[in-house]
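Just below is one structure, and these are the notes that go with it.
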Amino acid sequence: MPTKIEKDDVTGRDTTGHEWDGIRELNTPLPRWWVNLFYVTVIWAFGYMAVYPSLPWIGGWSGYWSRAELSRSLEEQRGQRAGFVARIDEAELGAIRGDAELLNFALAGGRQVFADNCAPCHGAGGAGATGYPNLADDDWLWGGSLADIQHTIRHGIRNADDRSRTSQMPRFGADGILKPAEIEAVADHVLSLSGAAAAGPGAKAGAALYAEHCVACHGEKGEGNRELGAPRLDDRIWLYGGDRASVVRSIASARAGAMPAWSGRLDEATIKMLAVYVHALGGGK
C-alpha cells in the first residue's frame, strides 16, 4: 500500500512510498548512462526502420528490399532447377534410376516433397503407423515397383479418382455374414498362418471358414494378392495390429483406409521424384 516518501534508516535513501507487509521499496533509479543508452537505441531503431525498411508500405532510403532479394533468389533457384525438372518430366522412371545425376536430384526433391506431404501419415523416413503403411519394408499392398508406386501416388486409394486403387473387404460381422464365434475361429487360423500365435481352439473350424470366405483374395496360405490390394497374412507385418482383438475387429468390421490422389496437387515431375524417393526407402521392388 502507498505510504509517504521518507528516508530509509539503513541505507539513507529515499523510499518510493510503496510498502507491502512492512517492507518498503527503495527509490533506486537506473544509472543515467543506462537510461541515455536506452534512448539512443530507440532513436536508432526508428532510423533503421527508415533506412532498412521493415514495413512493406514504408520506402527505404537505401533502395534495398528484402522481398525483392527473396524473389530474385527464388527465381534464380527455379532457373537452376528448370533443366533437371524438364529432364525428369520427359524421362521414364527407369531412366531416372539409371542416371546418377538425375537420381541424386530426384532423391533430394522427393525427400522434401515427402516431408511436406507424406510424412504426417507415413512418418519420417516412411516408417508408417497404425493404419498407415510402412514404406521402408518389402510388404506392399499394391506392388512396390516404380510404376506401381507412381500409380498409387497419382491416383490414391479409395477416393473419387476414377483410376484410384480400390478394394473392399466384406464386413463379416457387421453385415451378419459370420457369427461372432466363427469370426474368432477365423482369427485363430489367420494368426496361425504367420506363426504369430499358437493355433487357438477354433483354428480348425477357422481354416474351413477361411477357405470358404478368404482364400479368393488372401490366398490359400495367406500370401496375399497385390492386384486386389489384399494384404499378406503369412508374415508378421500388420497394418492395423496383429493381436487377436485387432484381427477380430478387422474381420468383423473390415478396414477402408484412404489416400488422396496427388495428380491434381503435384505436377508430373514432382510425382516422379516422389516415386523414386519412396522406391529408394528400402522396400521398392
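Contact annotation: residue pairs with Cβ atoms under 6 Å, 6 or more positions apart or on different chains, pairing a residue in the stretch 96-114 that is over 14 Å from Ile153 (Cβ atoms) with a partner that is aromatic (Phe, Trp, Tyr) and surrounded by 15 or more Cβ atoms within 10 Å (Cβ to Cβ), are Phe105/Phe84; Leu107/Tyr277; Arg111/Tyr277. Restricting Arg111, Arg97, Arg87, Arg78 to those that are assigned to a helix (DSSP H, G or I), loosely packed, with under 12 Cβ neighbours inside 10 Å and not β-branched (Val, Ile, Thr) reduces the list to Arg78.
Condition test on Tyr39, is it on the phi < 0 side of the Ramachandran plot, modelled with pLDDT under 95 and not small (Gly, Ala, Ser)?
Numbers: on the phi < 0 side of the Ramachandran plot: yes; modelled with pLDDT under 95: no; not small (Gly, Ala, Ser): yes.
Answer is no for this residue.
I'm trying to understand the selection: among the residues of the stretch 254-272, which are in a loop (DSSP other than H, G, I, E, B) and either surrounded by fewer than 19 Cβ atoms within 10 Å (Cβ to Cβ) or among the aliphatic types (A, V, I, L, M) (or both)? Hits for the stretch 254-272 are Ala254, Arg255, Ala256, Gly257, Ala258, Pro260, Ala261, Ser263, Gly264, Arg265, Leu266, Asp267. Contact map, the stretch 19-33: first residue under 13 Å from Ile5 (Cα atoms), second residue surrounded by fewer than 10 Cβ atoms within 10 Å (Cβ to Cβ), Cβ cut-off under 9 Å, separation 6 or more or different chains; pairs are Glu19/Met1; Glu19/Pro2. Of the helices (runs of 4 or more DSSP H) contained entirely in the stretch 135-221, those carrying at least 3 residues that are closer than 30 Å to Ala269 by Cα and out of contact with any Asp or Glu (no Cβ under 9 Å at 6 or more places or on another chain) fall at 146-155.
The values are calculated or read from the model by the stated rules, or taken from the named source; none is laboratory data. In this text, all values refer to a predicted model and were calculated from it rather than measured experimentally. When we count neighbours, we look across all protein chains shown, and the Cβ atoms used for this are built from the backbone with ideal geometry, even at glycine.
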